[in-house]
Amino acid sequence: MSERGALRVRLDRLVREVVKFGAVGGAGLLVNLLVFNLVRHTTTLPVVRASILATVVAIAFNYVGFRYFTYRDRDKSRRTKELTLFLVFSVVGLVIENGVLYAATYGFGWDSPLQSNVFKFLGIGIATLFRFWSYRTWVFRARPAAGALELPEESFLERDRPRSDRVG
């Protein structure tokens, strides 16, 4: 396959992955905001605690969506490790997401329902960038090709070029 063809295939795969991640993440965002507002307006929990509860519910929802939709073709042989890493990176995302809300609420006193939703949404956006990178890199790892050995990292252009054409 030519370098352009290989690049096109990789780009197409990445776009499909981003779209699927976005679909699950968008549904998770709705779950997160719905639970957050429901808890915030029907209980006496402080805003950040309500947000943490909503984030935990969304994390559980998202795991199911990522495992069985976005990354269903990825390696499933190490579920315990996958789930452990997912939870670790999700907790980091939870801290990022709710850290933004905490700073706005307690650092700046921005605690109206509109302000809380804006900063919750902003925190989710920042945390989503981290989650996308960490989930695809560490949690839902690509299956090795049949019979493939792990080789040192090469650029995608070097990897797809015939051996006789490689520099070095």
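The values are calculated or read from the model by the stated rules, or taken from the named source; none is laboratory data. Keep in mind that this is a model prediction, so the values were computed, not measured. Quick reminder, even Gly has a Cβ in these numbers, built from the backbone with ideal geometry, and neighbours come from all protein chains shown. Remember, those area values only see protein heavy atoms, side chains included, never the ligands or the DNA or RNA. Shrake-Rupley method; radii C 1.70, N 1.55, O 1.52, S 1.80 Å.
Odds and ends about this structure:
- Relative contact order, percent, segment 14-136 [alpha-carbon distance under 8 Å, six or more residues apart]: 25 percent
- Leading residue at positive end of dipole, segment 17-133 (Cβ point charges), from 101, 113, 31: 31
- Counting protein heavy atoms only, segment 1-117 has 69 percent of its accessible area on carbon and sulfur, 1.4 angstrom probe.
- Tilt relative to the chain, helix 79-102 - C-alpha long axis, 0 to 90 degrees, to 10: 50 degrees
- Angle in degrees between helix 47-65 and the longest Cα principal axis of the chain, rounded to the nearest 10: 30 degrees
- Inter-site label distance for residue 112 and residue 9 at 7 Å from Cα along Cβ, in nm: 5.5 nm
- With both labels modelled 7 Å from their Cα along Cα-to-Cβ, the residue 68 to residue 30 distance reads 1.7 nm.
- Debye, to nearest 20: dipole size of the chain, +1 on Lys, Arg Cβ, -1 on Asp, Glu Cβ: 460 debye
- Entry for the chain at q = 0.10 Å⁻¹: log10 I(q)/I(0) = -0.49, Debye formula applied to identical alpha-carbon scatterers, no solvent contribution.
- Subtracting the Cα-Cα distance of residue 60 and residue 1 from 0.36 nm times their residue separation leaves 17.2 nm of extension gain.
- Rolling a 1.4 Å probe over the protein heavy atoms gives segment 51-139 an accessible area of 54 Å² per residue.
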